[in-house]
Amino acid sequence: MRLLEHIYRTISSIRGPLLLVENVFSARMGEVVRILSPDNREMDGEVLKIEGDTVLIQVYGETRGLDIENSSVVFTDSIKKASLSLDIIGRIFNGSSIPIDNLPMFIPEKLAPVTGFPMNPSARARPEEFIETGFSSIDGLNTLVKGQKLPIFSCAGLPSKELAAGILKNAALKGEKDKFVVVFVAIGLTYHEYSFYRSILEEMRMKFVAFVNIADEPVMERLLAPRFGLTVAEYLAFEKGMDLLVVMTDMTNYCDALREISTAREELPGRRGYPGYMYSDLASIYERAGRINDQKYGSSGSVTILPVVTMPEDDITHPIPDLTGYITEGQIVLSRELHQKGIFPPVDVLPSLSRLMQRGIGEGHTREDHRKIANLLYKYYAKGRDLRRLEAIVGREGMTEDDRGMLNFADAFEREFVNQGMIRRSINETLDAGINLLKRFSLELK
Amino acid sequence: MAGKIKCISGPTVSVEMSGLKLYDRVYVGHAMLTGEVVRLEKDMAVVQIYEDTRGLGIGEPVKGVGMPLTVRLGPGLLSEMFDGLQRPLKRLKEDMGPFITGGKEIYAIDYMKNWRFHPLRKRGEDIKTGEILGYIEEGAFKHFIHSNRSGRIKWITDGDCSLNEAIGEVEDGSMLFGCHEWPVRMPRQYKRKLSPSEPLITGQRCIDFLFPIARGGTVIMPGGFGTGKTILEQSIAKFADVDIVVYVGCGERGNEMAELIDDFSNLTDPWTGRGLMERTILVVNTSNMPVAAREASIYTAVTMAEYYRDMGYHVLLLADSLSRWAEASREISSSLEEMPGEEGYPTYLASRLAGFFERAGVVETLSGKVGSLSMVLSVSPPGGDFTEPVTQACLRTAGAFLMLDTSLAHRRHFPAINWFQSYSLYAKEIIPNFKERVSSQWEELMHRCREILQREEALREVAEIVGIEGLQDADRLLMKASEMIRLEFLCQNAYTGDAFSPPEKTVSKIADIFKFYDNAEEKLKQGVHLDEVLKQ
Ligand SMILES: Nc1ncnc2c1ncn2[C@@H]1O[C@H](COP(=O)(O)OP(=O)(O)OP(=O)(O)O)[C@@H](O)[C@H]1O
Ligand SMILES: [Mg+2]
């Protein structure tokens, strides 16, 4: 074991974000290194692979301008850690956790590895506390609960950021004021998108922490930003008892960064070029959502993750949404068709799902008739949608009166229940809207 | 045996060391991480590490254990929850808090705990390896202890014992113990295999009635995300008519396990009325836990399952999901730089899977009892496309195929088992059993049910052209009957009292639907108007 930092000037190759350093004495996996470029820039990196005294390093930051002769690498003998303190609330950082809000770095209370540790499954508490988002299609039919990971599956050009912002606003309004904190992670966003979110956070005077990686910033930092965000979230939730809502957008940029780096590492590409370990990698992020049940480590906090995923080619079977859906506890799917009909939020409730809904609704959570109303709305809307296909072939005239009624119901459901523009509904308003709709079509509340 | 780390790449390290055997277990580094030797060269060994390698350094020591990866078998496994390496998660939590922070060896078995041993053999008797010495009361179960030696019994305990001491001795001086270790990758021995002939009742109407499964059989259920694999696995785990359930959460979600523990702790086994956890062993290696331990988890689980089978019990192993296991082997194979096969999976994927499936079956145990090990395994095909290698490899060996259908799931038809594509190769052998035990009409009703579903499909195509109004009344009635079958019979909401349907209920429900149908048909013939008929 080494006690001091070691400096090497033995870089033997530079390939994209990867460096090979030779003659290194006892490096360790995941060790953080500092790289000094000839023009005195400094950036971080991490040990990826060690073969004897040759070490492969992954660089966080821009490798442009590095050279073989004059750049040097410092081995620090520690692994990548995030600085933590309550003072972090209200701060904005870049993807490498450097403040970008013109304020000095805070004094950390502690450091924690950014990759975190897996939560012991036997220490988890079952998520069951309802979070009101203000959107009927979510609260009524795809209910979100504390500790859940529920992505928004969007298509290019659909208003996913307006939906995410709306959820943030409402959740902040309804959450306990000093317990509720938002962690916002921007991954490869355009500056325009980022300013939109930023203005929402500021306008709302929400407690937040932001990690921001803009489209023209280093790709490596896209992999780091969510991990910093989650390390902070875990700290605030499980050590300080707060309720964290982590918004990560856009996870498609994250996955593309993963692919880019995997290719640079000359790894075997999997489906569509994404690495074979993408499932495990995404899981190492999403599984950090949750609650802890153990009184001994007592904390009532929770980490809820709301990622935004843009489905390439609007295709839900594309590896990114596909693997995400296999990991998350449901998905909110936006539909281009509904958007074109002018419906906001354009949530298609049929492929959408909240797997943790059952425990979070009903008496003591929302309202005792919630489950019944949700089931009926689903049932009739699904039937109406089925009939639309038939309608396209045989026309309305060829259909029974009941079936025509069902078609009208499906239309009204989209126009009146799903569509709500800028207005937010409380859960009671949502459920009442559902009841009224069912009554109007004389659909029995059996 | 000791050596030093030369290279580290992801979860594999190369070690300068000799004297190791392939698949030997080793401890790696100062942190004593558990590893397994996966490749040997002259003076070099490649080790697969089961824990996070972060922080591991070059030159750190590696020690051989002289034994392959094993699990500990003995009383006390029931109602416990283990990780893929059989570390007890509840005790791990007491030790290191809610996060799993590092390699720490805690044995699956509590060697200090006191048990009550009842000998079934006496001093002076001759005993052979594999014969029953006696039993320990493990909850409601007689936990039979098999002899690990042959010889004449010199002494044997009667009464309290703990597992760190012998419970007897044979005359050559060998000690007899109440627990032992067994290599996870080696199937446990039995006298002979028998062919499956008894049904394994799941309490799911669609399965019991249309695709019945046999004790000792293997079932796969592939389906895209959100098609209800986990809910179905868990429902079967709750209600199946077996003695012991081993449930493997293989590379899936942590919250799901919290849910399962919560449910199981509050439910009773419908067949015996005892707490559900009392008959259950959980093996959990969630998606964010180390990948190599995920690969090992199904072997850890199946070995414990075989162990209870060997006592003459009917054991059901459920794994969710086998695809995550396959992906773990793919990650390991690629870090070993092996030549990849289809979609990057190792070329030995199919043979490994077949080997695993082969550990299921009905057997006559070494002590002459009959026990069974059944498997119900979920598969998560990427993009919901069943032509992918894992689903295809499973299809070649599994005895029943329950295809979960995304379009049914989107319509909230659960369990989303597609009734046209699914099949069970056990149906023929076990239907007579249902006929005898439940209803003589079982088979006849089943054929009729299938026929109606078939005809509905054909009529639906016609209706798409001419409209429902264009169909004849008799056909519209049939479609109504078929809808009833789908919605009231095949659908089974896991969150209601209907989640469990004993075979008697299953058969009476379908018989009621047919009764309605027959009546209605009769009325139509008498000239009553269809709307009138359907009203009732
Ligand atoms: N029998 C059932 N009754 C009622 N709802 C069900 C049933 N089966 C599934 N569901 C619904 O479908 C959702 C998804 O089910 P489940 O989590 O089992 O899917 P899965 O196939 O395991 O998905 P993944 O592959 O992503 O793990 C559940 O959360 C529940 O809402
Ligand atoms: Mg599942």
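The values are calculated or read from the model by the stated rules, or taken from the named source; none is laboratory data. This one's a predicted model, so the numbers in the text were calculated from it and none came from an experiment. Here the Cβ positions follow ideal geometry from the backbone for every residue, glycine too, while neighbour counts run over all protein chains shown.
Quick rundown of the values:
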| read-out | value |
| --- | --- |
| Total residues in segment B:223-274, condition polar (S, T, N, Q), over 28 Å from B:Q392 (Cα atoms) and either within 12 Å of ligand 2 (Cβ to nearest atom) or not in a loop (DSSP other than H, G, I, E, B) (or both) | 4 |
| Only one of A:E176, A:E202, A:E128, A:E132 that is within 14 Å of chain B (Cβ to nearest Cβ), farther than 30 Å from A:E313 by Cα and among the charged types (D, E, K, R) | A:E128 |
| Boolean, B:P340 is under 27 Å from B:I231 (Cβ atoms) and either without any contact (Cβ under 8 Å) to a residue 60 or more places away in the chain or not assigned by TED's automatic domain parsing to the domain that holds B:P196 (or both) | no |
| Residue selected from segment B:353-391 under the condition assigned to a strand (DSSP E or B) and within 14 Å of chain A (Cβ to nearest Cβ), by the criterion farthest from ligand 2 (Cβ to nearest atom) | B:V379 |
| Failed item in (1) within 31 Å of the chain's Cα centre (by Cα); (2) part of a strand (DSSP E or B); (3) surrounded by 18 or more Cβ atoms within 10 Å (Cβ to Cβ), with A:R34 passing the rest | (3) |
| Test for A:K383: is it farther than 17 Å from A:L144 by Cα, outside the structural domain of A:E129 (by TED's automatic domain parsing) and within 13 Å of ligand 1 (Cβ to nearest atom) | no |
| Selection within segment A:319-337 - out of contact with any Cys (no Cβ under 9 Å at 6 or more places or on another chain), crowded, with 22+ Cβ neighbours inside 10 Å and either more than 8 Å from chain B (Cβ to nearest Cβ) or farther than 14 Å from A:A283 by Cβ (or both) | A:P321, A:T328, A:Q331, A:I332, A:V333 |
| Any hit, segment A:333-350, residues being within 16 Å of ligand 2 (Cβ to nearest atom), assigned by TED's automatic domain parsing to the domain that holds A:Y254 and touching a residue at least 24 places away in the same chain (Cβ under 8 Å) | no |
| Conditions (1) within 16 Å of ligand 2 (Cβ to nearest atom); (2) assigned to a loop (DSSP other than H, G, I, E, B); (3) among the charged types (D, E, K, R): number failed by A:D322 | (2) |
| Test: residue in segment A:405-412 that is more than 14 Å from ligand 1 (Cβ to nearest atom), more than 30 Å from B:V466 (Cβ to Cβ) and either buried (at least 16 other Cβ atoms within 10 Å of the Cβ) or touching a residue at least 12 places away in the same chain (Cβ under 8 Å) (or both) | no |
| Residue under evaluation A:N94, criteria (1) surrounded by 22 or more Cβ atoms within 10 Å (Cβ to Cβ); (2) within 18 Å of the chain's Cα centre (by Cα), criterion not met | (1) |
| Test set (1) buried (at least 23 other Cβ atoms within 10 Å of the Cβ); (2) closer than 30 Å to B:E165 by Cα - B:V47 fails condition number | (2) |
| Of all residues making up segment B:432-459, the number that are more than 29 Å from the chain's Cα centre (by Cα) and loosely packed, with under 14 Cβ neighbours inside 10 Å | 7 |
| Residue identified as in contact with a His (Cβ under 8 Å, 6 or more places away or on another chain), more than 11 Å from chain A (Cβ to nearest Cβ) and in contact (Cβ under 8 Å) with a residue 60 or more places away in the chain among B:M311, B:M304 | B:M311 |
| Residues of segment B:392-410 that turn out to be within 13 Å of ligand 1 (Cβ to nearest atom) and among the β-branched types (V, I, T), as a count | 1 |
| Test result for A:L377, in the same structural domain as A:K146 (by TED's automatic domain parsing), under 25 Å from A:F153 (Cβ atoms) and of a type in the set (A, V, I, L, M, F, W, C) | no |
| Flag for A:I68 being farther than 30 Å from B:L282 by Cα, touching a residue at least 24 places away in the same chain (Cβ under 8 Å) and outside the structural domain of A:N293 (by TED's automatic domain parsing) | yes |
| Residue within segment B:236-255 that is facing another protein chain (nearest Cβ under 10 Å), within 16 Å of ligand 1 (Cβ to nearest atom), touching a residue at least 40 places away in the same chain (Cβ under 8 Å) and among the charged types (D, E, K, R) present | yes |
